[in-house]
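See structure below.
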Amino acid sequence: MVWSCGGHLQFDSLLSIEKPARYMGSEIGSVAKELVDVRFVLAFPDVYEVGMSHLGLQILYAILNKVEGIGAERVYAPWADREDAMRASGEVLATLETGTPLAATDIIGFTLQYEMSCTNILNMLELSGIPLLAAERGEKFPLILGGGPCAGNPEPLAEFFDIFLFGDGEDAILEIAEIYRDWKKAAGNKAALLESLSKVEGVYVPSFFSVSYHEDGRISEIASLKPGYEKVKRRIAVDLEQLPYPTSPVVPFLKTVHDRVSMEIARGCTRGCRFCQAGYLYRPVRERSPEKVLETIKAVLKNTGYDEISLLSLSAADYGCISDLLKTLMTTFESERVAVSLPSLRVGSLTRELIDEIVKVRKTGFTLAPEAGTERLRRVINKGITEEDLVLNSRNAYEAGWRVIKLYFMIGLPTETTEDVLGIAEMSAQVKRAGKGTGHGGDVTVSVGSFVPKPHTPFQWEPQISCREIEEKQRFLRGELRKRKLAFKWHDATLSFLEGVFARGDRRLARVLVEARKLGCRFDGWGEHHDFQKWQQAFERAGIDPEFYLRRRDPGEILPWDRLDCGVSTDFLLEELKKSHEEILTGDCRDGCCTECGVCNFSEVRMRLHQPAAVASSGPSDACQGSVAGTEISAVPPEAVDSGDPDAVARIRLRFTKTGAMSLLSHLELLHLFTRAVRRAQIPIRYSLGFHPHPKFSFATALSVGVESWAEYFDMEICAGLDPRSIQESLNAALPEGVRILEAAEIPLRSESLSVLIEAFRYRVFLPAGLVAALPEKVDDFLRLETYAHQRIKKGKTLEIDLRQELLELSATADVLEMVVKRGKPLEFAAAITGIPEEELRSSRIEKREVCFRPAS
């Protein structure tokens, strides 16, 4: 085939890999600008499903693309099968939007979300043909920028990056892009560009600092090479209310990790958990007003078709107006079956009132994080919650209908004893007992991570326990939880080990990363790709002892990240460290007593909270009050849609195309596409009953990936009274290119299903030019056969099908086969007719032209 996907990828290159939708582009909400002054690539060093769930990338994508002359594009780490295909063909990594090779873009901004994605960054640069070391990249190569949580200590990556952005990116990203645009027009040198960028608040230029070391490996000096550039202050967006927020985000074709509307209601946390890096890096607390939140959610739901809202914050239940906001969201969106989830629930702040609101539509996951198994250890880490709080919250959840509660703990925390580890099992058993008598079970899943000391926290000086100690604690805990019949999940000890090394590492670890890449390391956070032996080899080759980075740090020691000022003073962190060993709790600034951490200047930079008050609601949202191509629709309550009253329900049968890049979507991805399109088109679809209601769709057949079709069918049940042609027009306005509704008609509600009515299918198979000689003669030979037995392996079982008996019509012209078949795949028939193995025919283009139905009874 010659047509391409996402504007650049050849169809053939995606047919043989897993989940081609990862690489197609052209999603709803994506923006492709062909001519720009600055092509800014937002690169996420993990697989598409993970990267598309990252809110920060969506925010920056929208901000940059609103500016004339600046084009933001995306790229994700290709999965192993795609990487192998690229290396075999010599194909370079390119953007999803325009297919521009990364080496030909202007700026590549990597999200530094997780320490174990470092090798993916290097691999993506390799696949782009871009030199790894910043010192080897001149003006002709893109500027390499890093930002995100790991920019709090970017030193292990310092040799590979030109600049890092430390802090909030909404305003800074535009300043960086504009400085680059001016520099590009002036045709300046790279040194001048870095000099200009260093003046942007929050920008750290690692090449402007020189690091030297003592003989024992500790840092002796971090010397500034630029006068006046001594420390880089974290960039703080002072007021979330004034920041732009994406209301038309990119909507993926496939299901992602967080497949829903993500609404950031607040940034920052002042609870002061001493292990939590985010709690210190994102201070002060800044809340969006509930009115702004509601307004934004309405727009995003209307533009995306999602059916779940996730309220994001480090502790969403601490949001000042959370109760009123939840009530308003439920009142506004309940009729549309939109669920609301709070992914970050703090024990003690979750009231029964909140739980009752969350369950009104459907139950999302329920996770609580006590972190430590005893109250003593919770005082050490400043987690001021009690067992009574945990048991009460759990019982409320069970009574509201949840069957399983997930509890998250850590092992290896400072001062931890065996009694503290045992406390995890005992506390979890108490939670399980809380479910007895509620009528909804009482299952508990205990998830346990390993403590990793992080920069800019009071525990940045603390040691990390070894792999052996982690595994010993895991074995002990596994036994105790088994006794109590509790499910147990744990983190791999070697991954925690490596995370700890790079979290507090220095520039010398660049050598280790290079060696790890040479050994084939990438996707190290994924169990199927993680190979600790290769990492051990890499450390040995680089001459570095990884244990050095897990040790206790002296309070007077120079730390690799000391040139980065997060706003929280070192004196405050040291005082918190001292209080942890004395088991003294520190209060929350929200309670009115400033802890004097040093972040706020009490004018621009300060806490911005919203007090509880009634949130204005317009009743059902605009997303369910509008028109379907001129037909007026009002909100439809669930009981009306699902009443079973035949007068209230209509059944619509639709024929649609699935062509071009859309032919690469799987059947499940197509179902997601239509589910969202129906919601965007504001069609009052009927839902199934049960725990997780689904829209009532019924597809005729599942089309094989890669087959184009002009004859796909599905039925859907909707509220009666709508014109089928209006539905057709509204759906077409909500569907991507390649999927078009060709016909729509109302049919009797009790009509036979599509699968029962289908008799045969008409296909055209365009064979590779010149591959088959004398095709018409081969067709004649096949038609003379009485039978042709073919074996197919399906789910480990061998199935036999007589292809000749399943064939109703067959003809050939040049390199094209046309056939009408009852059962069987077009390539199976093509291989049988031509005598060429199916594998050699994979590049054939296949079209499904018609479905032959028997008359309805």
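The values are calculated or read from the model by the stated rules, or taken from the named source; none is laboratory data. Please read these numbers as outputs of a predicted model, since none were measured by experiment. Every residue, glycine as well, gets a Cβ built from its backbone with ideal geometry; the counts of neighbours run over all protein chains shown. Note: accessible area is taken over every heavy atom of the protein model, side chains too, but ligands, DNA and RNA are not part of it. Shrake-Rupley method; radii C 1.70, N 1.55, O 1.52, S 1.80 Å.
Given the options R267, R274, name the one that is closer than 21 Å to L57 by Cα, of a type outside the set (G, A, S) and either touching a strand residue (DSSP E or B) at 6+ places or on another chain (Cβ under 6 Å) or open to solvent by less than 10 Å² (accessible area, probe 1.4 Å) (or both). Spell out how you get there, then give the answer.
Values: R274 fails: closer than 21 Å to L57 by Cα.
Exactly one of R267, R274 is closer than 21 Å to L57 by Cα, of a type outside the set (G, A, S) and either touching a strand residue (DSSP E or B) at 6+ places or on another chain (Cβ under 6 Å) or open to solvent by less than 10 Å² (accessible area, probe 1.4 Å) (or both), namely R267.
Determine which member of the set S755, S844, S751, S811 is touching a Ser or Thr at 6+ places or on another chain (Cβ under 9 Å) and of a type in the set (G, A, S).
On the way: S844 fails: touching a Ser or Thr at 6+ places or on another chain (Cβ under 9 Å); S751 fails: touching a Ser or Thr at 6+ places or on another chain (Cβ under 9 Å); S811 fails: touching a Ser or Thr at 6+ places or on another chain (Cβ under 9 Å).
Residue meeting the stated conditions: S755.
How many residues are within 21 Å of A317 (Cα to Cα) and either of a type in the set (K, R) or open to solvent by less than 10 Å² (accessible area, probe 1.4 Å) (or both) when one looks only at the stretch 368-378? Working first, answer last.
Of the residues in the stretch 368-378, the ones within 21 Å of A317 (Cα to Cα) are 368-372, 378.
From what is left, the residues that are either of a type in the set (K, R) or open to solvent by less than 10 Å² (accessible area, probe 1.4 Å) (or both) are 368, 370, 372, 378.
Selection size over the stretch 368-378: 4.
Could we say that A172 is in contact (Cβ under 8 Å) with a residue 12 or more places away in the chain, surrounded by 15 or more Cβ atoms within 10 Å (Cβ to Cβ), of a type in the set (A, V, I, L, M, F, W, C) and out of contact with any Asp or Glu (no Cβ under 8 Å at 6 or more places or on another chain) here?
Numbers: in contact (Cβ under 8 Å) with a residue 12 or more places away in the chain: yes; surrounded by 15 or more Cβ atoms within 10 Å (Cβ to Cβ): yes; of a type in the set (A, V, I, L, M, F, W, C): yes; out of contact with any Asp or Glu (no Cβ under 8 Å at 6 or more places or on another chain): no.
No; evaluated as a whole, the condition is false for this residue.
Restricting to the stretch 343-360, name every residue that is of a type in the set (S, T, Y) and either over 24 Å from the mean Cα position of the chain (by Cα) or at pLDDT 75 or above (or both). Show your work before the answer.
Kept after step one, since they are of a type in the set (S, T, Y), are these residues of the stretch 343-360: 344, 349, 351.
If the condition is that a residue be of a type in the set (S, T, Y) and either over 24 Å from the mean Cα position of the chain (by Cα) or at pLDDT 75 or above (or both), then S349, T351 are the ones that fit.
Looking only at the stretch 799-826, count every residue that is surrounded by 20 or more Cβ atoms within 10 Å (Cβ to Cβ) and out of contact with any Asp or Glu (no Cβ under 7 Å at 6 or more places or on another chain) and tell me the total.
Total meeting the criteria: 4.
Quick one: what pairs do we get from the stretch 391-409, first residue closer than 13 Å to K489 by Cα and open to solvent by 10 Å² or more (accessible area, probe 1.4 Å), second of a type in the set (S, T, Y) and not in a helix (DSSP H, G or I), C-beta under 7 Å, 6+ apart or different chains?
Close Cβ pairs (under 7 Å, with a partner that is of a type in the set (S, T, Y) and not in a helix (DSSP H, G or I)) amount to K406/T367; K406/T445; K406/S447; Y408/T367; Y408/S447.
Filter the stretch 415-431 down to residues that are within 18 Å of E471 (Cα to Cα) and open to solvent by less than 10 Å² (accessible area, probe 1.4 Å), then give me how many there are.
At the first step, the residues of the stretch 415-431 found to be within 18 Å of E471 (Cα to Cα) are 415-425.
Then keep just the ones that are open to solvent by less than 10 Å² (accessible area, probe 1.4 Å); that gives 420-421, 423-425.
Summing the residues that are within 18 Å of E471 (Cα to Cα) and open to solvent by less than 10 Å² (accessible area, probe 1.4 Å) in the stretch 415-431 gives 5.
Please list, ordered by first then second residue, the pairs with beta carbon atoms under 7 Å, 6 or more apart or interchain, first in the stretch 693-705 and over 12 Å from I718 (Cα atoms) and assigned to a strand (DSSP E or B), second open to solvent by less than 60 Å² (accessible area, probe 1.4 Å) and of a type in the set (V, I, T).
none
Test A769 against the stated conditions and say whether it is in contact (Cβ under 8 Å) with a residue 24 or more places away in the chain and open to solvent by 80 Å² or more (accessible area, probe 1.4 Å). Give the derivation first.
On the way: in contact (Cβ under 8 Å) with a residue 24 or more places away in the chain: yes; open to solvent by 80 Å² or more (accessible area, probe 1.4 Å): yes.
Against the criterion (in contact (Cβ under 8 Å) with a residue 24 or more places away in the chain and open to solvent by 80 Å² or more (accessible area, probe 1.4 Å)), A769 qualifies.
Give the residues of the stretch 783-813 that are in contact (Cβ under 8 Å) with a residue 12 or more places away in the chain, in contact with a strand residue (DSSP E or B) (Cβ under 7 Å, 6 or more places away or on another chain) and closer than 14 Å to A832 by Cβ, sorted by residue number.
Listed by number, the residues that qualify are L783, T787, Y788, A789, H790, R792, I801, D802, L803, E806, L807, L810.
Have a look at R842, R792, R854, R823 and point out the one that is under 42 Å from the mean Cα position of the chain (by Cα) and under 30 Å from S751 (Cβ atoms).
Working: R842 fails: under 30 Å from S751 (Cβ atoms); R792 fails: under 30 Å from S751 (Cβ atoms); R854 fails: under 42 Å from the mean Cα position of the chain (by Cα).
After ruling out the rest, the residue left standing is R823.
Any chance you could count how many residues in the stretch 747-759 are open to solvent by less than 40 Å² (accessible area, probe 1.4 Å) and touching a Phe, Trp or Tyr at 6+ places or on another chain (Cβ under 9 Å)?
3
Go through the stretch 392-438 and give me each residue that's within 32 Å of the chain's Cα centre (by Cα), β-branched (V, I, T) and modelled with pLDDT under 95.
Matches in the stretch 392-438: V404, I405, V431.
Say whether the condition of being open to solvent by 50 Å² or more (accessible area, probe 1.4 Å) and at pLDDT below 95 is met by at least one residue in the stretch 528-549.
Yes, some residue in the stretch 528-549 is open to solvent by 50 Å² or more (accessible area, probe 1.4 Å) and at pLDDT below 95.
Give, as residue ranges, the helices (runs of 4 or more DSSP H) completely inside the stretch 504-601 that count at least 1 residues that are in contact (Cβ under 8 Å) with a residue 24 or more places away in the chain and of a type in the set (V, I, T).
Details: elements: 509-518, 532-542, 570-581.
Where helices (runs of 4 or more DSSP H) fall fully within the stretch 504-601 and carry at least 1 residues being in contact (Cβ under 8 Å) with a residue 24 or more places away in the chain and of a type in the set (V, I, T), they are 509-518.
Looking only at the stretch 827-838, decide whether some residue is in contact with an Asp or Glu (Cβ under 7 Å, 6 or more places away or on another chain) and assigned to a strand (DSSP E or B).
no
What tally of residues in the stretch 209-244 results from selecting those that are open to solvent by less than 30 Å² (accessible area, probe 1.4 Å) and either closer than 30 Å to E308 by Cβ or of a type outside the set (K, R) (or both)?
So the count comes out to 10.
Can you tell me which condition F497 does not meet? The list is (1) more than 30 Å from E221 (Cα to Cα); (2) at pLDDT 95 or above; (3) not hydroxyl-bearing (S, T, Y), and all the others hold.
(1)
Hey, any hits in the stretch 177-188 for a residue that's among the acidic types (D, E), surrounded by 15 or more Cβ atoms within 10 Å (Cβ to Cβ) and out of contact with any helix residue (DSSP H, G or I) (no Cβ under 9 Å at 6 or more places or on another chain)? Break it down into steps so the answer makes sense when it comes.
The initial filter retains those residues of the stretch 177-188 that are among the acidic types (D, E), namely 178, 182.
This time we only want the ones that are surrounded by 15 or more Cβ atoms within 10 Å (Cβ to Cβ), so: 178.
Applying the additional criterion that residues be out of contact with any helix residue (DSSP H, G or I) (no Cβ under 9 Å at 6 or more places or on another chain) yields 178.
Within the stretch 177-188, one or more residues are among the acidic types (D, E), surrounded by 15 or more Cβ atoms within 10 Å (Cβ to Cβ) and out of contact with any helix residue (DSSP H, G or I) (no Cβ under 9 Å at 6 or more places or on another chain).
Could you tell me which of the residues A32, A43 is of a type in the set (G, A, S), surrounded by fewer than 23 Cβ atoms within 10 Å (Cβ to Cβ) and within 30 Å of W183 (Cβ to Cβ)? Spell out how you get there, then give the answer.
Numbers: A43 fails: surrounded by fewer than 23 Cβ atoms within 10 Å (Cβ to Cβ).
Going through A32, A43 in turn, just one is of a type in the set (G, A, S), surrounded by fewer than 23 Cβ atoms within 10 Å (Cβ to Cβ) and within 30 Å of W183 (Cβ to Cβ): A32.
Please find, among F476, F459, the residue that is within 29 Å of G217 (Cα to Cα) and among the aromatic types (F, W, Y). Break it down into steps so the answer makes sense when it comes.
On the way: F476 fails: within 29 Å of G217 (Cα to Cα).
Just one listed residue meets the conditions, F459.
Pairs needed: first member in the stretch 448-475, farther than 15 Å from L495 by Cβ and crowded, with 21+ Cβ neighbours inside 10 Å; second member anywhere, acidic (D, E) and modelled with pLDDT of 95 or more; C-beta distance under 9 Å; at least 6 residues apart or different chains.
P453/E462; T457/E576; P458/E575; P458/E576; F459/E576; K473/E416
Select from the stretch 60-98 the residues that are over 29 Å from D37 (Cβ atoms) and open to solvent by 20 Å² or more (accessible area, probe 1.4 Å) and list them in ascending order.
Those that are over 29 Å from D37 (Cβ atoms) and open to solvent by 20 Å² or more (accessible area, probe 1.4 Å): W79, D81, D84, A85, R87, A88, S89, G90.
Could you tell me which of the residues A616, A635 is open to solvent by less than 30 Å² (accessible area, probe 1.4 Å), at negative phi, at pLDDT below 95 and in a loop (DSSP other than H, G, I, E, B)?
Values: A616 fails: open to solvent by less than 30 Å² (accessible area, probe 1.4 Å).
Step by step, each of A616, A635 is checked, and only A635 is open to solvent by less than 30 Å² (accessible area, probe 1.4 Å), at negative phi, at pLDDT below 95 and in a loop (DSSP other than H, G, I, E, B).
Quick grid of which residues meet (1) at pLDDT below 65; (2) out of contact with any strand residue (DSSP E or B) (no Cβ under 8 Å at 6 or more places or on another chain); (3) closer than 22 Å to I718 by Cα; (4) not hydrophobic (A, V, I, L, M, F, W, C):
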site	(1), (2), (3), (4)
G630	yes, yes, yes, yes
D642	yes, no, yes, yes
D647	no, yes, yes, yes
M662	no, yes, no, no
